[in-house]
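None of the figures in this text is laboratory data; all of them are computed from the coordinates on show. What you are looking at is a predicted structure, and each value in this text was computed from that prediction instead of being measured. Cβ sites come from the backbone with ideal geometry, for glycine too, and all protein chains shown count toward neighbours.
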Amino acid sequence: MRKDQFDVIIVGGRVAGSTLAYELARNGYEVLLLDRAEFPSDTLSTHNFFNNSVGMLREMGVLDKLLQTGTPLYKKAHIQMGDVVIEADYPVVNGESHSLCIRRKYLDKMLWDHAAMQKEVTTLQGFRVTDVLWQGDTVTGVVGVNREGLQSSYTAGLVVGADGRHSTLRRLVNSERKMAVPTDYASYVGYFSGYVQEGEPRVEFYVTAGRIAILFPTSDDMHVVGLMFPLEDAEWKNKFLGEPEASFRELVRSAFAHTDFPRRLETSKLEEPIRGLLGYDNDWFQAMGSGWALVGDAISFKDPAVGQGMHDAIYSARLLTSILAATDDWAANWNRMAHQYQNELESKMMSRFHMACQITKNTPPTQEQVMVNRVIASYPEAAQAFLGIYNYANEPEALGQTVMRLIQKENR
């Protein structure tokens, strides 16, 4: 095979792309892995792996190296919605009890290097894809420029977009946008040192009156804090645009004064500039066509509050690999493979997508929702079913069934 010809070209080499390259290489495919960045490279992201996804990192053989960064594991959640407090451990999944929130500057570099170690994988950093090659209605390769501005083209039996929520490959192949639900929130993120959590590390999640805060223990002895407020609040938008750190701290103090979160954040030091998103869409795209496919956020970006991005990146890469490996003649089976890929993605991920679409809307909780939250807080088995939605220990329906059974028990 010529050095400009491959079985698969992957555009984007972060979590989804590097995972796909590794999985394809294990199945004997010659892969070209491209990324416009040069690693290590940070990116704005929800970078948490619930314990089901930690298990996938272990299976890939990268978990031990990731843990060498000193990033802490955690298994506990503290969730406060109004005056309701839920404290519980995430359910164990496939023997994995702990979750991991590792910074992208470590994660992406290690996954890239792990893929590059496979003899079937050729890597190219600093390469920006500008167009795709076509033969009839089938994609056959990519055209792009390197860091010196020199243009090159590469061909393959399949081109995969693993280049995130603003995917260039997705735009070039004109993937159909099947669903889109705009968020009602602005989201800002900061990394703080010196934040104290009593006892073992945990995720903290606070919701009150249209304000949301979520916090994870992460790399470099820091905690990453995400803060969300309604996009329609022009006063706070202007404050954040003018003085991000002061506004971040002020909003925490005013919105979450009924908790001890502001006190602990007040004594913490912001280590890097506050970054944010003024709106985004929860979306879902066509995942495959003739000669092309998508993985990760390129298929579906979801509200960061549900924390599913890392799982979906790895899961979609593994699923696509299994479908490709089970098919000898790709060119004769694009429609069948595309149908299978789309159906299996939706079967696995759509329930969490719909959950994200609910969270992303700024609507006050109903009396029924408040009652459900109180049941979750009062019964360990309900708390386990609630947290189990996030790590795929159970489906959302299981929570509803558990809550109904417990309410009926209380009313006897």
(request) Counting other beta carbons within 10 Å of each Cβ, put SER99, SER322, SER347 in order, fewest first. (result) SER347, SER322, SER99
(request) Please list the non-local residues whose amide H lies under 5 Å from the amide H of THR218, H modeled 1.01 Å from N, same-chain partners needing a gap of 5 or more. (result) HIS223, VAL224
(request) Order the peptides 174-184, 402-412 from the highest to the lowest mean number of other Cβ atoms within 10 Å of their residues. (result) 174-184, 402-412
(message) For region 30-62 and region 77-119, what is the centre-to-centre distance using only Cα atoms, to the nearest Å?
(response) 12 Å
(request) On a 0 to 90° scale, report how tilted helix 15-26 is relative to the longest principal axis of the chain, with both axes built from alpha carbons and the result rounded to the nearest 10. (result) 50 degrees
(request) Work out the P(r) tail for the chain: percent of alpha carbon pairs separated by more than 28 Å, whole number. (result) 49 percent
(message) Explain nothing, just the number: dipole magnitude of region 367-410 about its Cα centre with +1 on each Lys and Arg Cβ and -1 on each Asp and Glu Cβ, in debye rounded to the nearest 20.
(response) 120 debye
(request) Between the alpha-carbon centers of region 199-277 and region 383-403, tell me the distance in whole angstrom. (result) 27 Å
(request) At a temperature of 10 °C and a viscosity of 1.306 mPa s, determine how fast region 306-366 diffuses translationally according to Stokes-Einstein, using the Kirkwood radius over alpha-carbon pairs as Rh; express D in µm²/s, rounded to the nearest whole number. (result) 118 µm²/s
(request) Sort all Cα-Cα distances of region 148-218 into consecutive 5 angstrom bins from zero, then give the percent of pairs in each bin up to the one containing the longest distance. (result) 3, 8, 13, 13, 12, 10, 11, 12, 8, 6, 3
(request) Mind giving me the nanometre distance, one decimal, between the label points for LEU44 and GLU381, set 7 Å out from Cα along Cα→Cβ? (result) 4.4 nm
(message) I'd like to know which of VAL132, MET81, HIS98 lies farthest towards the positive end of the charge dipole of region 35-135, counting +1 on Cβ of Lys and Arg and -1 on Cβ of Asp and Glu.
(response) VAL132
(message) Apply the a/c threshold of 1.5 to the C-alpha gyration tensor of region 66-205 and tell me whether it is rounded, prolate or oblate.
(response) prolate
(request) Just name one of THR122, VAL142, TRP112: the one whose Cα is farthest towards the positive end of the charge dipole of region 99-143 (beta-carbon charges, Lys/Arg +1, Asp/Glu -1). (result) TRP112
(message) For a distance above 24 Å, tell me the whole-number percent of Cα pairs in region 149-296 that qualify.
(response) 49 percent
(request) Run the dipole for the chain about the Cα centre, Lys and Arg Cβ at +1, Asp and Glu Cβ at -1, nothing else charged, and hand back the magnitude in debye, nearest 20. (result) 40 debye
(request) Compute log10 of I(q)/I(0) for region 48-93 with the Debye formula, placing one identical point scatterer on every Cα and leaving out solvent, at q = 0.16, 0.18, 0.19 Å⁻¹, to two decimals. (result) -0.55, -0.65, -0.69
(request) May I ask for the percentage of alpha-carbon pairs in region 367-410 that lie more than 14 Å from each other? (result) 40 percent
(request) Just rank LEU67, LEU324, LEU20, LEU150, fewest to most, by other beta-carbon atoms within 10 angstrom. (result) LEU150, LEU67, LEU324, LEU20
(request) Treating the angle as unsigned and between 0 and 90°, give the value, to the nearest 10°, between the Cα long axis of helix 396-410 and the longest Cα principal axis of the chain. (result) 20 degrees
(request) Fewest Cβ neighbours within 10 Å first, please rank TRP112, TRP284 accordingly. (result) TRP284, TRP112
(message) With angles folded into 0 to 90 degrees, how steeply does helix 104-116 sit against the dominant principal axis of the chain? Use alpha carbons for both and round to 10.
(response) 30 degrees
